[in-house]
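Below: one structure, written as structure tokens.
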Amino acid sequence: MRGWNWGKAEFGKSELAFNVSSRPAFELPYSEISNTNLAGKNEVAVEFALPANGEETGTNGTMGGARAKGRKAGGARDQLVEMRFYIPNVVPKKEEKEEDGDEEDGVNGEETKDASAANQFYETLLEKAEIGEVAGDTYATFLDVLHLTPRGRFDIDMYETSFRLRGKTYDYKITYDQVKKFFLLPKPDEVHTLITIGIDPPIRQGQTRYAFLVMQFKRDEEVELDLNMTEEDLKAKYGDKVQHHYEAPISSIVAQLFRGMAGKKVIAPSKEYMSHHSQSGVKCAIKANEGHLFFMDKSFMFVPKPATYISFDNVASLTMSRVGGAVSASRTFDLTVTLKSGQGEHQFSNINREEQSNLEDFFKKKNLKLKNEMADDSGAILKAALMDEELASSEEEGGAAVRGSADEDDESVDEDFQEDSDSDVAEEYDSAHESAGSGSDDEMADANGDANGASDGEEDVAERPKKKPKTSK
């Protein structure tokens, strides 16, 4: 009622107690804590376990904690999923030197260094809640694996019933039951292979949810791996699905282990589709995010961000259209996927024009409804593109105006033209320049009483006899 939120956390045998003025404010059972992360320099995030499905209330007592105390507590529509503790460095810097040498000083001595109190809270909670350790022995470990979604590098520890992602800031424990989809996608750059894992419920970083993990491996990176278990146990648990010794590209090993341990089929791009450059995916973008769109036998998959999965069964129609200027529209097009039941649409933009025919053939094979809006305006687009090319070429030649049929003259090389040579034609500012005598110039000379008409030569005098009397005066 007083609104106090400052207190002291005490680790008990089976729960974390938060006391305010030496009185318990609330308790967190370790069985309810699914994960914890260092969310900041002085901040620790604690995530709570969720039911296996939406209908599960936890009233059968298997989950422990508040949800096992009765139907009213377990059936609430709103559930606490995360709590954050701010653990500041309360000791002034002047006291650091005095307390550095005293290791048994308790809380104050531990808080003299930056974030040491938060680190101690985090490590103690990991140990008490047995996060990551309840999985048993590690069967296999892959270090420093690049993840495109969520962005960062994580170590992958694979256990019997779950796997763990260990990063510098975030740490995730994901059970194999959460794995719903598993994709092995060869990246069109012919250098990397992407492994995409669809998980439900998704992992969280703050307010952001990630329903897909996108890992990137080099194709030519081969490793040797021996699983940390006997061959007898291996055959008893997994049969022929998992081998004891591996010597292959790392992406292939990870895919085989997930297939055997999680029991999920590895989905690869369809063999019925091949891009213009003989690749499994095409380069495109969702809004400002560039990526690659892959075509499977029963679905679309766009990676890396935002990772988007679309099943063919959920597709109402496909639309190919052009958006933008004439030149850019003639080289690329957009693919809009409209979903059934009014669930919205996904637009994949800036697809290379060369991929159009291959995509049309693939969509026909899959019996997908396709509308090609580019066929209606192909003539107008092509004409506009040609005119833009003519304008661009004329600007490159010096900005000459388009003169219609006059520009259709012979474009053979002018052999008489010599660059940087002295021309026989005198320039206007040259002393040897002689005027041809246009009508307007002559009239101006008459009006000004210019005497140069007489000195232009005998031919000029003969042609203009009437002007002689005026100049003689």
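The values are calculated or read from the model by the stated rules, or taken from the named source; none is laboratory data. Predicted model, so just to flag it, every value in this text is computed and none were measured. Ideal geometry is used to build each Cβ from the backbone, glycine not excepted, and the neighbour counts take in all protein chains shown.
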| Looking at 34, 22, 14, which one is under 29 Å from residue 167 (Cβ atoms) and at pLDDT 85 or above? | 14
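Results for (1) in a strand (DSSP E or B); (2) over 30 Å from residue 81 (Cβ atoms); (3) touching a Phe, Trp or Tyr at 6+ places or on another chain (Cβ under 6 Å), shown as yes or no for each residue.
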{"residue": "155", "(1), (2), (3)": "yes, no, no"}
{"residue": "165", "(1), (2), (3)": "yes, no, yes"}
{"residue": "184", "(1), (2), (3)": "yes, yes, no"}
{"residue": "188", "(1), (2), (3)": "no, yes, no"}
{"residue": "198", "(1), (2), (3)": "yes, no, yes"}
{"residue": "209", "(1), (2), (3)": "yes, no, no"}
{"residue": "233", "(1), (2), (3)": "no, yes, no"}
{"residue": "251", "(1), (2), (3)": "no, yes, yes"}
| message | Against the definition (within 20 Å of residue 304 (Cβ to Cβ), of a type in the set (S, T, N, Q) and buried (at least 16 other Cβ atoms within 10 Å of the Cβ)), how does residue 196 come out, yes or no? | response | yes
| said: Just to verify a result, which residue in region 23-39, among those that are within 21 Å of residue 205 (Cβ to Cβ) and among the small types (Gly, Ala, Ser), is nearest to the chain's Cα centre (by Cα)? | reply: 39
| note | Pairs returned, first residue in region 205-224 that is touching a residue at least 40 places away in the same chain (Cβ under 8 Å), second residue that is surrounded by fewer than 16 Cβ atoms within 10 Å (Cβ to Cβ) and of a type in the set (A, V, I, L, M, F, W, C), beta-carbon separation under 6 angstrom, 6 or more apart or interchain, are 216/146
| said: Criterion first (modelled with pLDDT under 85 and either out of contact with any Pro (no Cβ under 7 Å at 6 or more places or on another chain) or over 30 Å from residue 224 (Cα atoms) (or both)) does residue 152 satisfy it? | reply: no
| Considering region 350-375 alone, what residues qualify as being within 13 Å of residue 284 (Cα to Cα) and surrounded by 18 or more Cβ atoms within 10 Å (Cβ to Cβ)? | 351, 355
| said: Tell me whether region 167-177 contains one or more residues that are of a type in the set (Phe, Trp, Tyr) and more than 25 Å from the chain's Cα centre (by Cα). | reply: yes
| Flag if residue 238 is surrounded by 13 or more Cβ atoms within 10 Å (Cβ to Cβ) and either assigned by TED's automatic domain parsing to the domain that holds residue 292 or more than 21 Å from residue 152 (Cβ to Cβ) (or both) | yes
| So which residues in region 167-179 are free of Cβ contacts under 8 Å to residues at least 60 places away in the same chain and in a strand (DSSP E or B), if there are any at all? | 174, 175
| task | Check off (1) more than 17 Å from residue 300 (Cα to Cα); (2) exposed (fewer than 14 other Cβ atoms within 10 Å of the Cβ) for residue 243 and give me the number that stays unchecked. | result | (2)
| note | Expected single match for without any contact (Cβ under 8 Å) to a residue 60 or more places away in the chain, in contact with a Ser or Thr (Cβ under 8 Å, 6 or more places away or on another chain) and crowded, with 19+ Cβ neighbours inside 10 Å among 300, 295 is 300
